[in-house]
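Written out below as structure tokens is the structure these notes cover.
The values are calculated or read from the model by the stated rules, or taken from the named source; none is laboratory data. Predicted model only: the values in this text are computed from it and were never measured. Please note: Cβ atoms are built from the backbone with ideal geometry, for glycine as well, and neighbour counts cover all protein chains shown. Remember, those area values only see protein heavy atoms, side chains included, never the ligands or the DNA or RNA. Shrake-Rupley method; radii C 1.70, N 1.55, O 1.52, S 1.80 Å.
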Amino acid sequence: MEDPVNLGTNLHLQGSNTESTTQAFAVTEESKLEEDHHIHEDDEPVVADTVNSETLDDGSLKHGCSHYRRRCRIRAPCCDEIFNCRHCHNEAKNDINVDQKERHTIPRHEVQRVICSLCGTEQEVRQMCVNCGVCMGKYFCGVCKLFDDDISKRQYHCDGCGICRIGGQENFFHCDKCRCCYANVLRDSHPCVEGAMHHDCPVCFEYLFDSMDDVTVMPCGHTIHKKCFKEMQQHLQYACPLCFKSVCDMSKVWEKLDMEIAATPMPDFYRNKSIWILCNDCGANSEVPFHIVGHKCPKCKSYNTRQTRG
């Protein structure tokens, strides 16, 4: 059984300056390449021009929040309040102290107004401030309404995902069936699962598609937070929480079980008893001798089985 592939070393959403770049998955970013709405009517992100560079770079990397370095704040269309970014809004509005009926998440694509952090001018979403001319984000996406001065993340917008990711567009491809971005090394080898990341992490229940934490894909194709996967292994859990297939090479463990069974004969009453099992790894149904230690699949030699009858 192959080891799980790390999707999240560079697999972060562009929504945090701690987002990871993906080795197997592209991390989501809420940003695209920079663009000026007055110059690019098609809202395709582009890198900011170097014209009037002193004005454009004024305050670069000196403003923002824990999620982004940027020179603007946003007005939330849902509650009409001002926040540094959508993550700041979501953290504040979903806090445990907020009345459950009042909790909500900002519709990121519906943001229409931003406030320049240098001059305080409120204006429509655009890259350059209409008043002081400063570039409010070296990376700017008119679709995701994302601003970020830290372009070392190599942000790009994925039309298939509908959001921005980091790690460099040349390093990833979008899988239409999985509906997410993977590293190019997985183009012909990744296990394809419908909507692979469009579900909650099976351990912590956070939605994976726009999570800012690293994501790992298991050999079965199901996805999970990298930190949750490690925690699962620390508790000696080596099967996918969704389909129960083994998540790593268990051959050495199976060999030890072979020796333990050989050294543990069953009482006479059970020696001729047989049961039917289903193998979680290969899916085979088999009739095997009953043993208190475990039941080995005769097809793939796995002990990752469950009794179905008998």
Report task. For region 120-146, enumerate the residues that are in a loop (DSSP other than H, G, I, E, B), farther than 16 Å from ILE166 by Cα and open to solvent by 10 Å² or more (accessible area, probe 1.4 Å). Result -> GLY120, THR121, VAL125, ARG126, VAL130, ASN131, CYS132, GLY133
Query raised in the report: Mind checking which pairs have a first residue in region 93-106 that is on the phi < 0 side of the Ramachandran plot and in a loop (DSSP other than H, G, I, E, B) and a second that is surrounded by 10 or more Cβ atoms within 10 Å (Cβ to Cβ) and hydroxyl-bearing (Ser, Thr, Tyr), Cβ under 9 Å, 6 or more apart or different chains?
Result: ASN94/THR105
Report summary line: Selection from region 84-118 of residues open to solvent by 50 Å² or more (accessible area, probe 1.4 Å) and closer than 24 Å to LEU61 by Cβ yields ASN84, GLU91, ARG113, LEU118
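Listed here are the residues, each with its yes/no results for (1) open to solvent by less than 70 Å² (accessible area, probe 1.4 Å); (2) part of a strand (DSSP E or B); (3) out of contact with any helix residue (DSSP H, G or I) (no Cβ under 7 Å at 6 or more places or on another chain); (4) within 18 Å of HIS190 (Cα to Cα).
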site	(1), (2), (3), (4)
CYS220	yes, no, yes, yes
ILE224	yes, yes, yes, yes
LYS230	no, no, yes, no
GLN233	yes, no, yes, no
TRP254	yes, no, yes, no
THR264	yes, no, yes, no
PHE269	no, no, yes, no
Report summary line: Within region 293-302, of all residues that are open to solvent by less than 30 Å² (accessible area, probe 1.4 Å) and touching a helix residue (DSSP H, G or I) at 6+ places or on another chain (Cβ under 8 Å), the one nearest to LEU257 (Cα to Cα) is GLY294
Query raised in the report: When ASP148 is evaluated against the numbered criteria (1) more than 20 Å from the chain's Cα centre (by Cα); (2) modelled with pLDDT of 95 or more; (3) under 24 Å from SER53 (Cβ atoms), which criterion, by number, is the only one it fails?
Result: (1)
Requested in this report: Report, by residue number, each residue of region 282-292 that is open to solvent by 30 Å² or more (accessible area, probe 1.4 Å) and either of a type outside the set (A, V, I, L, M) or under 19 Å from PHE244 (Cβ atoms) (or both).
Outcome: CYS282, GLY283, ASN285, GLU287, PRO289, PHE290
